[in-house]
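Asker: Would you mind keeping the following structure in view while I ask a few things?
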Amino acid sequence: MLISDFQGKIPSTVEELTRLPGVGRKTANVIASVVYDLPTMAVDTHVFRVSARIGLTTNAKTPLAAEKQLVKFIPEEVIPMAHHWLILHGRYVCLAIKPKCNECGLSTACKFYNRMKIK
Ligand code: SF4
């Protein structure tokens, strides 16, 4: 398909990439962002959880809903980098089961943290 439909080149748009067998939206967004530096946001489990906790997304029930909210509000030029910020923050600080809120530099701005403080 790469040869027949895309002249042997990896396409750059999410729409084209997701036409390729085995390429889902998350993978397509990663390729568009990392390879082509386009303002697309791949939402994995870390991005989904961290965005919701901080309050960057509101009531997003699916990765696609989260993606749409994130790309709407994050400035285009930092979206490819923001993807990595969110993943790394989720991997090392805002852990799924036990987030390290006391070590987190975002606590004052974090919706989850501030809600917990009130309780
Ligand atoms: S304060 Fe806690 S919940 Fe909020 S982003 Fe930091 S680690 Fe995650």
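The values are calculated or read from the model by the stated rules, or taken from the named source; none is laboratory data. Note that the coordinates shown come from a computational prediction; the quantities given were computed from them, not determined experimentally. Reconstructed Cβ throughout: ideal geometry from the backbone, glycine too, with neighbour counts over all protein chains shown.
Asker: Quick check on Glu103: is it buried (at least 19 other Cβ atoms within 10 Å of the Cβ) and either within 8 Å of the ligand (Cβ to nearest atom) or under 25 Å from Thr18 (Cα atoms) (or both)?
Answerer: no
Asker: Could you list, in sequence order, all residues of region 7-52 that are charged (D, E, K, R) and in contact with a Gly (Cβ under 9 Å, 6 or more places away or on another chain)?
Answerer: Asp44, Arg49
Asker: Hey, another quick one. Among (1) at pLDDT below 95; (2) more than 14 Å from the ligand (Cβ to nearest atom), where does Lys119 come up short?
Answerer: (2)
Asker: I would also like to ask the following. Kindly state which helices (runs of 4 or more DSSP H) lie completely within region 27-111 and contain at least 1 residues that are within 20 Å of Ser12 (Cβ to Cβ).
Answerer: The qualifying helices (runs of 4 or more DSSP H) are 63-73, 79-92.
Asker: State which residue is nearest to the ligand (Cβ to nearest atom) when the search covers only region 82-100 and only residues that are small (Gly, Ala, Ser) and crowded, with 16+ Cβ neighbours inside 10 Å.
Answerer: Gly90
Asker: Moving on. Of the residues Leu106, Leu70, which single one is within 15 Å of the chain's Cα centre (by Cα) and closer than 17 Å to Val47 by Cβ?
Answerer: Of the residues listed, the single one that is within 15 Å of the chain's Cα centre (by Cα) and closer than 17 Å to Val47 by Cβ is Leu70.
Asker: Given the conditions (1) without any contact (Cβ under 8 Å) to a residue 24 or more places away in the chain; (2) among the charged types (D, E, K, R); (3) within 13 Å of the ligand (Cβ to nearest atom), which single one is not true for Lys111?
Answerer: The number of the failed condition is (1).
Asker: Could we say that Glu77 is exposed (fewer than 15 other Cβ atoms within 10 Å of the Cβ) and without any contact (Cβ under 8 Å) to a residue 60 or more places away in the chain here?
Answerer: yes
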